[in-house]
Structure formats: structure tokens, C-alpha cells
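Derivation of every value follows stated rules applied to the coordinates shown; laboratory data play no part. Note that this is a predicted model, so its numbers are computed, not measured.
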Amino acid sequence: MKTLDDVDRKLIALLQDNARLSTVALAKAVALSRSTVQERLQRLEAGGVIAQYTVRLGSGGDPLRAWLLLRYGEGFSCDDVVPLLVELTQVRLVHSVAGETDLMVLVETRTPSELADLREKVAAMKGVDDVTTIPVLRTALDRL
């Protein structure tokens, strides 16, 4: 995969904002022909830069999001804890990080009560020594 240029980055940003944009609309936005944009998108997909097109729920279905910052217990690692987190449907994203925190886990629930129950379930997992909960108040930018 060759290096991304400005047009590739603009196409990606446009699709991150609205994955349903037509090839014609994308072509107009980057001032290229439809066929050229289609070839670029196919190259980005084949190169793994674009992995999928997906749906994000709008404000009618806004979940309560929070980051759970986990620290492992003595002798435990990512390999011990992540498989347990994968089983929880509310877990959306898990990052292994360096520093005082070992894992950053993004979760989505419907209510604060459900978040509290989920937090307690995670805190009780084998291998988890400590959990800090950071609720998301507002998302200022989301290009995931």
C-alpha cells in the first residue's frame, strides 16, 4: 500500500462523517472523476485502510459511554483479562496502554445503573486489581 495522499485523507474523512456518501458526491468533493474515486476507494479497501462501512446511532439512541481504566493484579496480563472483556456486549473498544493504567476499555450502556453494574462486574474479574470509571460527557470529535 502506497502512502496516503491528501485526496485519500479527504475521502476517508468524508466517509467517516457519512459512510453513505455516493461515489459521485465524493468525486465532486475532491474534484476528481467518479471512476478515479472508485479506484482509490478500492485501493484503500484492498490495502486495509478502509476495513468496513458501518452505522452509528444518532441522538435518538445515544448510549451512556464511559472509559474504564483497568490495572492488572499481580502476575496477570492482557492475555488473562481481555478474553473476559470480549464476553461483555457493552464493551466496545479495548486499548492496552503503558503507564499506571494497563487497559483502557470503552463501554456503552443505556443507564447509569447499568454502567454501575457493569463496572462492578469488571472489577470482580479475575486478574483485575483496580477500575477507574470516567463517564463521557460529550464527544467533540469521533472519526472511528
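A few remarks follow.
- The alpha-carbon of Lys2 sits under 20 angstrom from the alpha-carbons of these lysines, leaving out residues fewer than 8 places away in its chain: Lys10.
- Dimensionless Rg/Rh of segment 1-107 - Kirkwood Rh, Rg from C-alpha atoms: 1.12
- 5 angstrom amide H check on Asp102, placed H, neighbours 5+ away: Leu70, Arg71, Tyr72
- 222 nm mean residue ellipticity, helices alone, for the chain (DSSP H n ≥ 4; -39,500 (n - 2.57); rounded to 500): -11500 deg cm²/dmol
- Separation of alpha-carbon centers, segment 67-144 and segment 1-56, rounded to whole Å: 32 Å
- A straight Cα-to-Cα reach below 19 Å connects Lys28 with the aspartates and glutamates Asp5, Asp6, Asp8, Asp17, Glu39, residues fewer than 8 places away in its own chain not being considered.
- Under-5 Å amide H pairs with Arg92, H placed in peptide plane, nonlocal only: Leu106, Val107, Glu108
- The string of couplings for segment 97-110 from the Karplus curve (6.51, -1.76, 1.60, θ = phi - 60°) is 10, 9, x, 5, 9, 9, 9, 10, 10, 8, 10, 10, 10, 8 Hz, one whole number per residue in order, with x for Gly and Pro.
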